[in-house]
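Step one of this worksheet: look at the structure below.
The values are calculated or read from the model by the stated rules, or taken from the named source; none is laboratory data. Note that the structure is predicted; figures quoted are calculated from it, not measured. Counting neighbours? That spans all protein chains shown, and the Cβs are built from the backbone with ideal geometry, glycine included.
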Amino acid sequence: MTPVDRREGAAALTSTVAADHARIIAAVIRSVGDWQLAEDALQDAYERALSAWSRDGVPTNPAGWLVTTARRRAIDLLRRAGTQDAATRRLAIELGLRESNGRTVRVPPNGAGSQQPGLADGAEADDPGPVATGGGSTARDPFQELGADSGAGFDDDRLRLVFTCAHPALTMEARVALTLRTVLGRPVAEIGRLFFTSEPTMQKRLVRARAKIAHAGIPYRVPTTRELPERMGGVLTVLYLLFTAGYSSPEPDDAHDALCMDAIGLVRTVLSLLPADAPEQLEASGLLALMSTQQARRRARFRDGAAVTMREQDRTLWDRDAIAQAQRVLDRTLARASHERMPVGPYVLQAAIALEHARPAEAADTDWVRITQLHRTLAAVAPSPSGTLARAVAEGHAHGPAAGLALLDGLDGLTESHLFHAVRGELLEQSGDRDAARAAFLRAASTAPSAAECADLLRRADEVGPPRSGRVP
Amino acid sequence: MQYVLFICTDPTAEPYDADQDNIEEWVGELQKTGKRLDGNRLRPIDDATTVMVRGGERVVAAGPFTETREWIAGYDLIEADDLDEAIEIAAKHPMARFGRVEVRPVWPF
């Protein structure tokens, strides 16, 4: 390998991490068992790669290099810990005998079976470390598993990580944060921003989540077919939250866009795991159609940093192919549900609503009666305040503003939200009550989360028109 | 791994139904596989005594250490491969329906 300049080394590391982070961390977790140790060791390996790759050139198998180096770092860290427990764990890593869930350590009767990690590029890592050497290896070598092939094994790794990150024994926030960090390799600072908290605070929460995985014995594996039904819902929730975190950003950029695409990719991976006749296919397919439809409109959703309502969006910016594809997924899902007389769940219904909105070429052609029907079914299956808000808009268009306003009256919990007042303003405007509409838009503007949205709501207040003449304030 | 299952009462759970209580079956199955290492019912909280040493002085109080509508009615010490197996075992305990079960990993010294 020939030396490259530092920038080139850094670029090689960035592209390796972007393409392979999940596979790399999965291999390190498999090898060292403990999630925190794997994370710490891999961070070290990333730092070492920066200098080593610039000095010695980029290895032919960068991912393998990182795994081998991380494993040696883990052994080093355990040696430094100096406790009996650490020594046992170190031995297990050196012998390559850790079970997939990281709990059981078995020493082979003949004492052999140790292996030499880093048979190729990895051996040139700048920290050779006194790794146990021995005869031929019978244990699984994570380095060799990380060859050029990135086929089915890649999905397996991602699925194992996803199901462990989304385990119901973790809090919902920990599940989402851990998925962002471990499966998608997002920087801790970025995850902190998504949760409106600082990097050190997020770091602490991630450490706590990894500690719970170790202490509570959360297994590192894909659930069995029998367990899948009760685990699937939680995984889909996490994936939709990932998507929403990227989608709802008031400043859509490449990072948020990539997050949405990654979330869609993970739903596809999860779908591929399910047998074709599994009932969970329905909701997973529904979620895929929902996310794809939302993502297809992303270029039209913001103008100058402010969210643009569906009615005002420039529909020529929508990705029509993606919408047609989502429609096919939904049609297949609905056909199957009706054929097998299975009830449809909230994701399928939300996808149907999203596609009703996305299909017409003009906003005026929207079938509000159909959308209202879908919202009513959704409210019966999975009532939620944000669902009621969207339903109020639909009822307003389909059956008049009074119907929409009546629904809003029951939404006490949302009166602090700018969306609530924006919807109320829209319905009041429709009903001809201009003064109340203006007041609602102004109230919405006062609680808007960004300056751009505030400006947009002020504009809408302005467009309602001036107060009626003769009205004495 | 070892886990302790704290068998708790819960006023919001299904009312207790003696006919549906298959605890013998639950214990029997786990004894067969050797997964249940120990376990007992606990006398009601009226029979509890709380002991503290404060400033070197022993304080003994009647009753549990907190006033509560829910209390621990029993415990089981089980051996499970991982949390998922422990959850599986806990979910089959009749008190998962008539109360609730807290699964706590044992923290060995």
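Worth pointing out:
- Filtering the stretch B:35-69 to residues that are surrounded by 12 or more Cβ atoms within 10 Å (Cβ to Cβ) and of a type in the set (Lys, Arg) leaves B:35, B:36.
- Within the set A:86, A:52, A:10, A:27, the sole residue that is out of contact with any strand residue (DSSP E or B) (no Cβ under 6 Å at 6 or more places or on another chain), under 21 Å from residue A:182 (Cβ atoms) and outside the structural domain of residue A:266 (by TED's automatic domain parsing) turns out to be A:27.
- Only residues that are under 16 Å from the mean Cα position of the chain (by Cα), within 14 Å of another protein chain (Cβ to nearest Cβ) and either surrounded by 17 or more Cβ atoms within 10 Å (Cβ to Cβ) or under 14 Å from residue B:101 (Cβ atoms) (or both) were counted across the stretch B:1-34, and they come to 3.
- Matching residues in the stretch A:410-429 - criterion: being crowded, with 17+ Cβ neighbours inside 10 Å and over 28 Å from the mean Cα position of the chain (by Cα): A:411, A:421, A:422, A:423, A:424, A:425, A:426, A:427, A:428, A:429
- Which listed residue is among the hydrophobic types (A, V, I, L, M, F, W, C), surrounded by fewer than 20 Cβ atoms within 10 Å (Cβ to Cβ) and within 31 Å of the chain's Cα centre (by Cα), from A:380, A:406: A:380
- Every residue from the stretch B:78-93 that is more than 10 Å from chain A (Cβ to nearest Cβ) and either in a helix (DSSP H, G or I) or surrounded by fewer than 18 Cβ atoms within 10 Å (Cβ to Cβ) (or both): B:79, B:89, B:90, B:92
- Hey, residue A:400 surrounded by fewer than 19 Cβ atoms within 10 Å (Cβ to Cβ) and on the phi > 0 side of the Ramachandran plot or not: yes
- In the stretch B:100-108, the condition of being in contact with a Pro (Cβ under 9 Å, 6 or more places away or on another chain), crowded, with 16+ Cβ neighbours inside 10 Å, touching a residue at least 60 places away in the same chain (Cβ under 8 Å) and away from every other protein chain (no Cβ under 14 Å) is met by no residue.
- The selection criterion, being assigned to a loop (DSSP other than H, G, I, E, B) and in contact (Cβ under 8 Å) with a residue 40 or more places away in the chain, holds for residue B:70.
Matching residues to (1) in contact (Cβ under 8 Å) with a residue 12 or more places away in the chain; (2) of a type outside the set (A, V, I, L, M, F, W, C); (3) in contact with a helix residue (DSSP H, G or I) (Cβ under 6 Å, 6 or more places away or on another chain):
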| residue | (1), (2), (3) |
| --- | --- |
| B:2 | yes, yes, no |
| B:6 | yes, no, no |
| B:17 | yes, yes, no |
| B:25 | no, yes, no |
| B:33 | no, yes, no |
| B:50 | yes, yes, no |
| B:57 | no, yes, no |
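- When the helices (runs of 4 or more DSSP H) confined to the stretch A:291-392 are screened for residues that are without any contact (Cβ under 8 Å) to a residue 12 or more places away in the chain, those reaching at least 3 such residues are found at A:320-339.
- The number of residues in the stretch A:36-72 that are closer than 16 Å to residue A:26 by Cα and of a type in the set (Lys, Arg) comes to 2.
- Number of positions in the stretch A:163-205 that are basic (Lys, Arg), surrounded by fewer than 19 Cβ atoms within 10 Å (Cβ to Cβ) and over 16 Å from residue A:36 (Cβ atoms): 1
- Members of the stretch A:335-370 found to be surrounded by 18 or more Cβ atoms within 10 Å (Cβ to Cβ), farther than 16 Å from residue A:294 by Cβ and not hydroxyl-bearing (Ser, Thr, Tyr), listed by number: A:337, A:344, A:345
- Residue match in the stretch A:432-450 (condition: part of a helix (DSSP H, G or I), aliphatic (A, V, I, L, M) and closer than 20 Å to residue A:313 by Cβ): yes
- In the stretch B:56-88, the residues that are touching a Leu at 6+ places or on another chain (Cβ under 7 Å) and modelled with pLDDT of 95 or more: B:74, B:75, B:76, B:77, B:78, B:79
- The stretch B:35-50, subset in a loop (DSSP other than H, G, I, E, B) and of a type in the set (A, V, I, L, M, F, W, C), residue nearest to the chain's Cα centre (by Cα): B:42
- Sole residue being within 29 Å of the chain's Cα centre (by Cα), under 22 Å from residue A:165 (Cα atoms) and surrounded by fewer than 18 Cβ atoms within 10 Å (Cβ to Cβ), chosen from A:41, A:22, A:18: A:18
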